[in-house]
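Report on one structure; see the data block that follows.
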Amino acid sequence: MRFSSPSPLLAAVVASLLVLAACEQKPETPSGEAPATPATNETPEIGGGATSALALHDGSPLAIVSPEALLNPKGLVDRPLGGVGARVWLIEYASPTCPHCADFHVNTYPALKAQYIDTGKIVFLLRPFIRNTLDAVVFMLAECSVDKYHDLMAGFFERQTEWATSATPRDAILTVALDYGFTEETFDVCLENQDLFAKLDDERTQALDEFGLEATPTFYMQGKQFSGSKPIEDMQAEIDPLL
């Protein structure tokens, strides 16, 4: 989904996420400050080694791996999937409320995962780009879910039409979250973490200001940027020459 410039600051701080309003379709600039961040688990450094289908990242947070800004984003730490020694990195900035992102994750990502991620040929990084309050809520829940991060994101993409257009978005999002181990109490506690919200904003701002992001989904691979929901054939054409 393409957009132009950021709209003004959100009228409310993170606590307002507990009283979700209807989703807007243009970018908003969130704000917030405070508490603790999720713990970071160290993982082996990626890059430069031989591709291996036997040594795979499990999606746990990745430590700093390179001096390059794109590989060391501001905000939250990455949760990589794929080969520990893979040379090819595929980074996606996505918005949970973006229909094109949902299309990619429902129709292309399963084949991408089977052919390239689960076989250790590439490293895949899904990064948050929040365009509105609902995006922030979903990514905050994903962070709080820890080891269910990628499963929860897949669930929200698959069920996007259920919650993103709901007249009662809090209840609709909670319904999905309950399927991934949340209770109403842990749901509310997660959405009160203002530090998480602030870090999502940092990541968003960097993508706009430093990485030239203009649409979602946007992909970065070995220095190349491309956007939009791509069929698996297009992804193969981009990835295969680099392997």
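Bear in mind that the values in this text are calculations on the coordinates, not laboratory data. It should be emphasised that the depicted structure is a prediction, and the values quoted were computed from it without experimental measurement. As a convention, Cβ positions derive from the backbone with ideal geometry for all residues, glycine included, and neighbour counts pool all protein chains shown.
Sorted from largest to smallest, which semi-axis lengths in Å does the alpha carbon gyration tensor of the range 187-243 give for its equivalent ellipsoid, taking the root of 5 times each eigenvalue?
31, 15, 10
Per-residue HN-Hα couplings for the range 109-114, Karplus 6.51 cos²θ - 1.76 cosθ + 1.60 at θ = phi - 60°, whole Hz, x for Gly and Pro?
Result, rounded to whole Hz: 4, x, 6, 4, 5, 5.
Report ³J(HN,Hα) in whole Hz for each residue of the range 116-122, in order, from the Karplus equation J = 6.51 cos²θ - 1.76 cosθ + 1.60 where θ = phi - 60°; Gly and Pro get x.
10, 7, 5, 8, x, 6, 9
Among 119-128, 134-143, 221-230, 200-209, how do they line up from the highest to the lowest mean number of other beta-carbon atoms within 10 Å?
134-143, 119-128, 200-209, 221-230
Can you tell me the order of 79-92, 151-164 when each peptide is scored by its average per-residue count of other Cβ atoms within 10 angstrom, highest first?
79-92, 151-164
May I ask for the Rg/Rh ratio of the range 86-243, computed from Cα atoms with Rh as the Kirkwood radius, given to two decimals?
0.97
Report, ordered by chain and residue number, the lysines lying within cross-link reach of residue 230, taken as a straight Cα distance under 24 Å and ignoring same-chain residues fewer than 8 apart.
Within the straight-line cut-off, residue 230 pairs with 26, 113, 121.
Obtain the nm distance between the two label points defined at residue 209 and residue 72 by a simple spin-label model: each point lies 7 Å from its Cα along the Cα-to-C-beta direction.
Simple spin-label model gives 1.8 nm for this pair.
What FRET efficiency, computed as 1/(1 + (r/R0)^6) with R0 = 22 Å and r the Cβ-Cβ distance, is obtained for residue 115 and residue 179, rounded to the nearest 0.05?
0.20
Which value, in debye to the nearest 20, describes the size of the charge dipole of the range 100-196 about its Cα centre when Lys and Arg Cβ atoms bear +1, Asp and Glu Cβ atoms bear -1, and nothing else is charged?
500
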